[in-house]
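Undergrad: Sharing a structure with you now.
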Amino acid sequence: MKILRLGLSNLASLSGEQNIDFESEPLAHAGLIAITGKTGAGKSTLLDAMCLALFDQIPRLNGAAGTLQDASGQGIAIKDSKHILRRGCTHAYAEVEFIALDQKRYQARWEIRRARNKLNGNLKVDRTITCLDDAQILTSSKSEASPLIQKLIGLSFEQFTRAVLLAQSEVGAFLKAKDQDRADLLEYLTNSNIFSLISQLSFAKTKHYRDELEQLQQILGHIELLNPEQLAALQQQKTELQNQLQAQQQTQKKLEQTQHWYQQQKQLLHHIHTTQNALQDIEQQQQAIDQQRHLLTQLDQFSQIRPVFHELDQARQQQKQLEQKKQQQNQHVIHAQQSLQHCQQQFEQAEKNLSQHKTMLKDLQPVLQKAFTHDSERERLLTNYKEKNQEFKAYETQLLEIQQQLNTETQQQEILEKQQQQIQIQLAQTQSIAIFAQEPKANIEKITFFLNQWQQLQAQLQTSNCKTIHDLQQQQQQLILNIAQHQQQFGTLDDIEQHINKNQVELQRLQQQQHAAQAFSRSLADCRNLQQQQRHTNENIEKLQPQLQQLQQQYTQAQQSYLQAEQHLQHLQQILNTQKLIQNEHIEHLRSQLKPEHPCMVCGNTQHPFIEHESALQHAIAQIQDLQEQQALIAKQDAQNQAEQLQQQYFQAQSSLHHQQQRQRELELAFTQSWQQLQQDYAVTNMQLELQQDIVALEQDFQNAFKYLQQQLQKSQEQLKHWQNCHTRGKTLFNQQQQHINDVIKNYQQAEHAITSKLDYIWQEAWQRQPEHTAQQLKSDIEQRVEQLAIAEQLTQRVQQSAQQCSNIQEKLHWLQSQHHNLHQQVQQIEQQGKDNSRQLIELISQHSEQKFTSAQAWQTALLGQQQHIEQAYEAIYLQLQKDDKNYQQQCQQENELLSQLTVWQHQIEHYQNQQQQWLSQHPEFDQQRIDDCLSHSLQQIQALRNEVQSFQQNQTKIQSNLAIYQQQLDQHQQHLPEIAQNALQQYTQHIEQSIQQLTLERDEINAKIISDNERRHELQQYQQQLTTLQQQINRWGKISELIGSKEGTKFQRIAQEHHLDILVEYANQQLQPLAPRYQLKRIDNSLGLAIIDHDMNAEQRPVLSLSGGETFLVSLALALAIANMASGNMKLESLFIDEGFGTLDPTSLHIVMDALDRLQSQGRKVVLISHVQEMHERIPVQIQVQSIGAGASQIKIIG
């Protein structure tokens, strides 16, 4: 994120519109900018405006409680941003242009106004976000602005005030924030919210699979299956019901055929009756059809002469119409002749009028020329009058303005004289330090240098626990001895840093080797698991193959048994049929010849038991045959069921074997891929292992090698820590040596002498008592006297300028009054000349025209208009004359054409009359009545009559043919009369349908039970598979959730953020080293808390709350810079704003901070500071000055 421009209007003490463009010079290339101004001028309001535009919040008002009453009478909370509207204003705004994460330019605008633009109107706030690159407004309501800003810049308001803007109340906020607040900020800055999402997901996944397992176990407990006996009984009942149902359906089919026979009989009888009725209707219409046939014969004869009659009638009608047109055309010719004569008379009169008007216009030309001369003169006078009158009014306005300037300048001169007297009195009071005011900048620098040396000396005495300079010198000598001993034992700082770099390289190499070893361990575990799964799959395949062969043999045997049973059944049925056939044909014939007491023709026996017990014998034979056939059917069904059952078992075993073989191929492929990955990971580990040995042995060797690697890593970490401690101790000693205590004392004495040598005895006495306070007072008085001298000089110049200005204004006033009088006389003279000219022109026009005209141009325009009107009338009459002449010629031509047409039609009528008389002489039977009757029938009517006669004949033939066919079909149908009477058929059919319905219902109930049991068995099998899959998922996700999972996502987030906080602390310590080498930040173990390592207290760890105000600011500044450095990718922070905090620093710390901020320019970062410290103002050339202009108002000025 980068701030490009800040604009505001009427916010707090900043009145009017103010604009700060960071892309314009001198701000564009300035890396360090200071916002300066007096206390209360409105420096912090600039940062408030930035927060208002982005978040509609003010950092300084956060946490404020209570309400205040507004001018509108409303109670508004103190922390509400509406309070920033300047008193007496009805409208204000704040807007910020910035570059967002997507590298586009956006503008955020916050605006407040009072209702109806009244001072007591209700306040209304509006916010808009605009993409400047796309020229598109992105928000439609106020509530959409804050979420959109957070999406664009990646920071919330709290995070913005801790990473980009360090406000007065937020300097140490991140340092003293709670652990969870730090975690949230780090998560946003590092874009690492994925860790909390992973933690929540792993916890949710584990819980989800466990809930599914519990639900599945509950479902399995409610599934009930039928036992084999119940299932066999249901199958037997189903078979019996199916047989009964088939028998009833066959009976129903026969009844349906009988019902169909009766329906066909009824339909045939109905057709015969309908056809007979139709034939009677046809016979009744026969007489009328004969009459129509006779009429049709006459119409055919008359059709020869019919066209002649029609042509004759048309010719007579045409002749009559032409006679009427001829009479009308005669009237048109007479009217056209009269119109032509009248138009000729009008044309002669128009030609005469035009000639007279042209003659009159020619005679008036000299008079018009004279009138135009008067017009030109009047236009010249009018133009001159307007110019002089405008000049007269301008001089009159200048007179009023000059008089007001003279009054204002006189009052201003009196005020300046009074201020000049007050300044002279104040200068007399500070005359004792006049010598310092002669060279104020150099003397102030000397005093500032003295104060710095004084503070350095006091800080050095306090740090070294010394009271005198002698004690400091002894301590310095002891420090030199300690440094020499340290270098003798460990070497110089460069040597120690080389050891640290070597250890860091070695440690990094070991860590990379450790990561590679861990990857190798995971690949090795994958290979071991895949090998175990392969072994288990091979065992299953070895078990399934013998089972499949055995089932195949059993199925082959069962299939053979089924074929044998089927052949046995067919053979038995053939024998039984043969027996029945023999019994029916031959045996019955022989038995019919047996007589009691007579010998049998076959065996010769006189006793015939078959005749005596015929019925019982027939019944016994039938029972034996049925029993044999039923036993054969049962044997066939059993063999079939057994074969189908074995076939199903064979297919299941075959499917399981195929699945296991497919699983074996997948495992082989996965093992190959895992082994390749294992070899790749092994190449990175740099371990000496034998990969061709057994995996268990390989794992044992790897564990030994990994344990040795862990020992090397721990040893390297201990060595690195040892050399880092040596480096810290040596650097501390070196920093303490660099304090230059003697130089501090010498510089202090020189600075003191340069000032006290110029002081009088009063100031010197005060200096001896309180050097620091006296130096500060002297510095303040010098600055005040310099300001007073500058003001006095400015007042003197302004008084002289005001007197000169008054003199100039009076001279100008006299000159303007003279010019004003002269112009007034000229305007009156021109006005009189214009009136005389207008009177002469009107008199000239009235002599030659009855109308009154105010100008010659208007008179000439009227004359030309009359001539144009006369010419137009002449042209119109001429055109009408030509039109009437042409019309007369056309009417005469049309009359001649009508006469020719009448002659042609008269010849046609005579020709048709001759043809008519000749035909009537050949057909004397056609009198006038019959002719009229024939003519009354049109061709369509004749054709319809002919079609009607033909249709009657065809319909009569068709009905007679259909009657014969129906009678023949009825005779054939009666030959197949059914046995069941029609009145008993419906009752018997209903009984059969009820029986079928009952059997179907019972069969469906049993079938539903069987299907339901099969579905429950299939469902149980699926649930068992799901149960196994869920158990595997629970084992997998349970281990992950145990390591990183939590409901709120804080477990893995805490692990990740502890790592990120370590990185941030490392960055912060790099920034803190030049700022405060005494301190070093450290993360508290197993938390996100921060502690301070105090190297001056033997590396003692202290809480951050124990830091002083200045120390807190230094550490917070280091953290803020570290956050900006740590933000990467789309979260690049290019702007940093710091409000106050520098006043708590001593001069040495302030100097160090300024050096650190100067270094930020090379990193392309723009830092904006707000502080009252004068030394910072002098070191920062580019400044945004907030200048007070009185009445509680300020304005912005940019210098640099």
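The values are calculated or read from the model by the stated rules, or taken from the named source; none is laboratory data. The model shown is predicted, which means the values in this text are computed figures rather than measured ones. All Cβ positions, glycine included, derive from the backbone under ideal geometry; neighbour counts span all protein chains shown.
Undergrad: Could you tell me whether Val744 is out of contact with any Lys or Arg (no Cβ under 6 Å at 6 or more places or on another chain), β-branched (Val, Ile, Thr) and modelled with pLDDT under 75?
TA: Answer is yes for this residue.
Undergrad: Can I ask one more? Taking the conditions exactly as written (farther than 30 Å from Gln662 by Cβ, at pLDDT below 80 and surrounded by fewer than 16 Cβ atoms within 10 Å (Cβ to Cβ)), does Leu572 satisfy them or not?
TA: no
Undergrad: Okay, next question. Could you look through segment 764-778, keep only residues that are crowded, with 17+ Cβ neighbours inside 10 Å and out of contact with any Ser or Thr (no Cβ under 7 Å at 6 or more places or on another chain), and pick out the one that is farthest from Asn443 (Cα to Cα)?
TA: Checked segment 764-778; the qualifying residue farthest from Asn443 (Cα to Cα) is Pro771.
Undergrad: What do you reckon, is Gln891 touching a helix residue (DSSP H, G or I) at 6+ places or on another chain (Cβ under 7 Å) and of a type outside the set (Gly, Ala, Ser)?
TA: Against the criterion (touching a helix residue (DSSP H, G or I) at 6+ places or on another chain (Cβ under 7 Å) and of a type outside the set (Gly, Ala, Ser)), Gln891 qualifies.
Undergrad: Here is a further query. Taking Pro1077 and the conditions (1) in a loop (DSSP other than H, G, I, E, B); (2) under 30 Å from Phe203 (Cα atoms), which numbered condition does it fall short on, given that it satisfies the others?
TA: With (1) in a loop (DSSP other than H, G, I, E, B); (2) under 30 Å from Phe203 (Cα atoms) applied to Pro1077, the lone miss is (2).
Undergrad: Between Gln429, Gln420, Gln390, which is on the phi < 0 side of the Ramachandran plot and either surrounded by 16 or more Cβ atoms within 10 Å (Cβ to Cβ) or not assigned by TED's automatic domain parsing to the domain that holds Leu823 (or both)?
TA: Gln420
Undergrad: Output the number of residues of segment 374-394 satisfying the condition of being over 17 Å from Gln829 (Cβ atoms) and in contact (Cβ under 8 Å) with a residue 60 or more places away in the chain.
TA: Qualifying residue count for the region: 2.
Undergrad: Where the second residue is surrounded by 12 or more Cβ atoms within 10 Å (Cβ to Cβ) and not in a helix (DSSP H, G or I) and the first is on the phi > 0 side of the Ramachandran plot and lies in segment 538-553, which pairs have Cβ atoms under 9 Å and are six or more apart or on separate chains?
TA: Close Cβ pairs (under 9 Å, with a partner that is surrounded by 12 or more Cβ atoms within 10 Å (Cβ to Cβ) and not in a helix (DSSP H, G or I)) do not exist here.
Undergrad: Now a separate question. Does Val1186 count as assigned by TED's automatic domain parsing to the domain that holds Ser9, at pLDDT 75 or above and touching a Leu at 6+ places or on another chain (Cβ under 6 Å)?
TA: Taking the combined requirement at face value, the residue does not satisfy it.
Undergrad: Is it true that Glu379 is farther than 30 Å from Gln901 by Cα, surrounded by 12 or more Cβ atoms within 10 Å (Cβ to Cβ) and in the same structural domain as Gly865 (by TED's automatic domain parsing)?
TA: It is false that Glu379 is farther than 30 Å from Gln901 by Cα, surrounded by 12 or more Cβ atoms within 10 Å (Cβ to Cβ) and in the same structural domain as Gly865 (by TED's automatic domain parsing).
Undergrad: Might you let me know whether segment 800-817 holds any residue that is modelled with pLDDT of 80 or more, more than 30 Å from Glu396 (Cβ to Cβ), of a type outside the set (A, V, I, L, M) and in the same structural domain as Gln419 (by TED's automatic domain parsing)?
TA: Looking for residues that are modelled with pLDDT of 80 or more, more than 30 Å from Glu396 (Cβ to Cβ), of a type outside the set (A, V, I, L, M) and in the same structural domain as Gln419 (by TED's automatic domain parsing), one finds at least one in segment 800-817, hence yes.
Undergrad: Taking the conditions exactly as written (among the hydroxyl-bearing types (Ser, Thr, Tyr) and assigned to a loop (DSSP other than H, G, I, E, B)), does Ser44 satisfy them or not?
TA: The answer is no for Ser44.
Undergrad: Return the residue satisfying two criteria in turn: it lies in segment 1008-1057 and is out of contact with any Lys or Arg (no Cβ under 7 Å at 6 or more places or on another chain), of a type outside the set (Lys, Arg) and in a loop (DSSP other than H, G, I, E, B), and of such residues it is nearest to Asp211 (Cα to Cα).
TA: The qualifying residue nearest to Asp211 (Cα to Cα) is Ser1046.
Undergrad: I need the full set of residues from segment 107-147 which are polar (S, T, N, Q) and either surrounded by 14 or more Cβ atoms within 10 Å (Cβ to Cβ) or over 19 Å from the mean Cα position of the chain (by Cα) (or both), in order please. Give the derivation first.
TA: Within segment 107-147, the subset polar (S, T, N, Q) is 107, 117, 120, 122, 128, 130, 136, 139-141, 143, 146.
Within segment 107-147, Gln107, Asn117, Asn120, Asn122, Thr128, Thr130, Thr139, Ser146 qualify.
Undergrad: On the basis of being under 30 Å from Gln345 (Cβ atoms) and without any contact (Cβ under 8 Å) to a residue 12 or more places away in the chain, does Gln889 make the cut?
TA: yes
Undergrad: From the residues in segment 678-692 that are farther than 12 Å from Leu524 by Cβ and more than 55 Å from the chain's Cα centre (by Cα), which one is surrounded by the most Cβ atoms within 10 Å (Cβ to Cβ)?
TA: Glu690
Undergrad: Would you confirm whether or not segment 95-106 contains a residue that is surrounded by 13 or more Cβ atoms within 10 Å (Cβ to Cβ), closer than 25 Å to Lys1166 by Cα and free of Cβ contacts under 8 Å to residues at least 12 places away in the same chain?
TA: No: zero hits.
Undergrad: Report every pair of residues separated by at least 6 positions or lying on different chains whose Cβ atoms are under 8 Å apart, first residue within segment 490-516 and at negative phi, second loosely packed, with under 14 Cβ neighbours inside 10 Å and in a helix (DSSP H, G or I).
TA: Taking only residues 6 or more apart or on different chains, the pairs are Gln514/Gln710.
Undergrad: Under 24 Å from His773 (Cα atoms), of a type in the set (Val, Ile, Thr) and assigned to a helix (DSSP H, G or I): is that true of Ile402 in this structure? Steps first, answer last, please.
TA: Details: under 24 Å from His773 (Cα atoms): no; of a type in the set (Val, Ile, Thr): yes; assigned to a helix (DSSP H, G or I): yes.
Taking the combined requirement at face value, the residue does not satisfy it.
Undergrad: Does any residue of segment 984-996 turn out to be surrounded by fewer than 10 Cβ atoms within 10 Å (Cβ to Cβ), over 60 Å from the mean Cα position of the chain (by Cα) and not in a helix (DSSP H, G or I)?
TA: Checked against the condition, which is being surrounded by fewer than 10 Cβ atoms within 10 Å (Cβ to Cβ), over 60 Å from the mean Cα position of the chain (by Cα) and not in a helix (DSSP H, G or I), segment 984-996 yields no hits at all.
Undergrad: Looking at segment 653-664, can you tell me whether even one residue there is among the polar types (S, T, N, Q) and modelled with pLDDT of 80 or more?
TA: Yes, the conditions are met somewhere in segment 653-664.
Undergrad: Then there's this: Can you pull out every residue in segment 473-505 that is modelled with pLDDT of 75 or more and in contact with a Ser or Thr (Cβ under 7 Å, 6 or more places away or on another chain)?
TA: Asn503
Undergrad: Tell me, yes or no, whether segment 417-438 has at least one residue that is assigned to a helix (DSSP H, G or I), touching a residue at least 24 places away in the same chain (Cβ under 8 Å), under 30 Å from Gln826 (Cα atoms) and not basic (Lys, Arg).
TA: Here is the first cut: in segment 417-438, the ones assigned to a helix (DSSP H, G or I) are 417-429, 431-438.
Now drop any that are not touching a residue at least 24 places away in the same chain (Cβ under 8 Å), which leaves 417, 419-420, 423-424, 426-427, 432-437.
If we keep only those that are under 30 Å from Gln826 (Cα atoms) too, we end up with none.
No; the residues of segment 417-438 include none that is assigned to a helix (DSSP H, G or I), touching a residue at least 24 places away in the same chain (Cβ under 8 Å), under 30 Å from Gln826 (Cα atoms) and not basic (Lys, Arg).
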